[in-house]
Structures are given as structure tokens and as C-alpha cells.
1. So if we plug the beta-carbon distance of E20 and K91 into 1/(1 + (r/R0)^6) with R0 = 30 Å, what FRET efficiency do we get, rounded to 0.05?
2. Collect residues whose amide H, placed 1.01 Å from N in the peptide plane, falls under 5 Å from the amide H of I68; neighbours closer than 5 in sequence don't count.
3. At a Förster radius of 30 Å, what calculated FRET efficiency corresponds to the Cβ-Cβ distance of K116 and F32, to the nearest 0.05?
4. Pop the C-beta distance of A134 and N41 into the FRET formula with R0 = 30 Å and round what comes out to the nearest 0.05.
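Readers should treat all values here as calculations from the given coordinates under stated rules, not as data from a laboratory. Source: prediction; values computed, not measured. Neighbour counts run over all protein chains shown; Cβ positions are idealised from the backbone, glycine included.
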Amino acid sequence: MSESISGTTSEDPLFNLDDEKTDWIRSACRRFRILIIGRANAGKTTILQKVCNTTELPVVYNTEGKEIDPVILEASASRGLHNIEDEMVFKSNPGFVFHDSRGFEAGGIEELNKVKLFIESRSKEAWLPNKLHAIW
């Protein structure tokens, strides 16, 4: 038995995901939800484009599921004119849903509180697809 840095072992059921377990996880949660945090105009969308192997802008959906103008992703002095609950999805990679902290600045208490509230509310979601799965 070998132990990893995270404390999981080779005998840990989550450590050894076979095809059946992987298929079950994918069927239970078709979309992996990720919060990306960074300062304004740091290139968060550009990083996501590289990860998703695309140059397209993501499709952005508001909390009602309606598509909104992706221009809000463009660098601007008006950071903060967004909703962290908005979902960004790249057509080339629809299995991932991204949430953008847009403008998470050092010393920005208001932004910090919005991010903390988002993380807290998503962690309490009962339905797996609505939970936050990763923070980057």
C-alpha cells in the first residue's frame, strides 16, 4: 500500500477509479463546475481557452439560463459588473462550466465576500451538478 501526499492510498476507492466508477461519476455529474479566481485583466479567460483548446469566447449564461453578451468578458475598467453565478461554457468543451471571480483584487473585501458566499452556497447544494467541483 502506498500513500500519496494528499493522504489517499492505493487501496482508497477514490484513488483507483475503474471504468465503471468513472462512468457512474460522469452520469451523475455531466458537467464539471470550476471557479477561476484571479485579479482583473489577468488573462483568466485566455487560460481557460488554452485548457479547452479553443480560441472562441465562451457562451455565458445568467442564473436563469439565458445567454448573455460575452463582451462582459473583455478587459475593462468596469470590473465587478458581473455576476459570479453566471456560467461560462466553451462550445468545444461543454463538459466544463466555469465561474469567473473577475476582479478578485488584493484587499478587495467586497469581492472576497462575494467569492466566499459563492463557495459556501455551492458547497451546500444538494444536487451534485450544482456543486462547485474545483477552484483554480
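1. After rounding, the FRET efficiency stands at 0.50.
2. Sorted by chain and number, the residues that satisfy this are V60, Y61, N62.
3. The formula returns an efficiency of 0.90 here.
4. Working: r = 23 Å, r/R0 = 0.75.
Once rounded, the FRET efficiency stands at 0.85.
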